[in-house]
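The values are calculated or read from the model by the stated rules, or taken from the named source; none is laboratory data. Here the structure is a predicted model, which is why all the values come from computation and not from measurement. Note that we place each Cβ from the backbone using ideal geometry, even for glycine, and neighbour counts take in every protein chain shown. All accessible areas refer to the heavy atoms of the entire protein, side chains included, with ligands and DNA or RNA removed. Shrake-Rupley method; radii C 1.70, N 1.55, O 1.52, S 1.80 Å.
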Amino acid sequence: IDESGKISLSMKQAEEKKLFESLNRLLGKHPELLSDEKLGRERLAKLLGTNTTYLHSAIRKYTDYTVTEYLNHLRIQKIREAMISLSSISIEGLRIKYGFSTHTTFYRYFKGEYGVSPADFRRSVQKQ
């Protein structure tokens, strides 16, 4: 805290970094959280012992995503990994398992992240 009583920028940055790391640790220890389609800013903030504003700020600083976009980004990564290693699970099954309630949202995020549809991605993996 500086002379005017304001939190210094470097202290704020350190707190944001700590919060972002805590979020990733939480999701790493509890990957089942990503399966909850209702997981959002409020619940995550509560689990992390912070408020939604700080959570949003930390995620935005380190990823340039909103909370929802970051969660969907992580979900899509998990689905991609599963498509590579678990070819027996259907794309629809993976979509549901990782918390996407609608095919449209899942498809949009997957294609936005990897530039191809989930089906085209799976076909390309199976050819290798």
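Could you check H73 against (1) under 16 Å from the mean Cα position of the chain (by Cα); (2) surrounded by fewer than 17 Cβ atoms within 10 Å (Cβ to Cβ); (3) outside any helix (DSSP H, G or I) and say which number it fails?
Every condition holds for H73 apart from (3).
Any chance segment 117-126 includes a residue that's open to solvent by less than 60 Å² (accessible area, probe 1.4 Å), assigned to a loop (DSSP other than H, G, I, E, B) and under 14 Å from E37 (Cα atoms)? I'd like the intermediate steps shown before the answer.
As a first pass, look at segment 117-126 and keep what is open to solvent by less than 60 Å² (accessible area, probe 1.4 Å): 117-119, 121-122, 124-125.
Okay, now just the ones that are also assigned to a loop (DSSP other than H, G, I, E, B), so 117.
Narrowing the set further to residues that are under 14 Å from E37 (Cα atoms) leaves none.
Among the residues of segment 117-126, not one is open to solvent by less than 60 Å² (accessible area, probe 1.4 Å), assigned to a loop (DSSP other than H, G, I, E, B) and under 14 Å from E37 (Cα atoms), which makes the answer no.
Here are some residues: Y109, Y70. Which one is under 26 Å from K18 (Cβ atoms), of a type in the set (S, T, Y) and touching a helix residue (DSSP H, G or I) at 6+ places or on another chain (Cβ under 6 Å)?
Numbers: Y109 fails: under 26 Å from K18 (Cβ atoms).
Selected residue: Y70, the only one of Y109, Y70 that is under 26 Å from K18 (Cβ atoms), of a type in the set (S, T, Y) and touching a helix residue (DSSP H, G or I) at 6+ places or on another chain (Cβ under 6 Å).
Between L19, L26, which is within 28 Å of Y107 (Cα to Cα) and in a helix (DSSP H, G or I)?
Details: L19 fails: within 28 Å of Y107 (Cα to Cα).
On inspection, the qualifying residue turns out to be L26.
Need the failing condition index for I59 against (1) of a type in the set (A, V, I, L, M); (2) more than 14 Å from the chain's Cα centre (by Cα); (3) at pLDDT 95 or above, just the number.
The single condition I59 does not satisfy is (2).
Please pick out the residue among G93, G99 that is at pLDDT 90 or above and not in a helix (DSSP H, G or I). Explain how you work it out, then say what you get.
Working: G93 fails: not in a helix (DSSP H, G or I).
Answer to the check: G99.
Where residues in segment 35-70 are among the aliphatic types (A, V, I, L, M) and part of a helix (DSSP H, G or I), which of them is most open to solvent (accessible area, probe 1.4 Å)? Explain how you work it out, then say what you get.
So the first thing to find is which residues in segment 35-70 are among the aliphatic types (A, V, I, L, M), and the list is 39, 44-45, 47-48, 55, 58-59, 67.
Next cut, part of a helix (DSSP H, G or I) only: 44-45, 47-48, 55, 58-59, 67.
On the way: L44: 0, A45: 3, L47: 85, L48: 40, L55: 1, A58: 1, I59: 2, V67: 6 Å².
Out of the qualifying residues, it is L47.
Got at least one residue in segment 16-28 being loosely packed, with under 15 Cβ neighbours inside 10 Å and under 30 Å from Q126 (Cα atoms)?
Keep residues of segment 16-28 that are loosely packed, with under 15 Cβ neighbours inside 10 Å, which gives 17-18, 21, 24-26, 28.
Checking the rest, the ones that are also under 30 Å from Q126 (Cα atoms) come to 28.
So far as segment 16-28 goes, yes, one or more of its residues are loosely packed, with under 15 Cβ neighbours inside 10 Å and under 30 Å from Q126 (Cα atoms).
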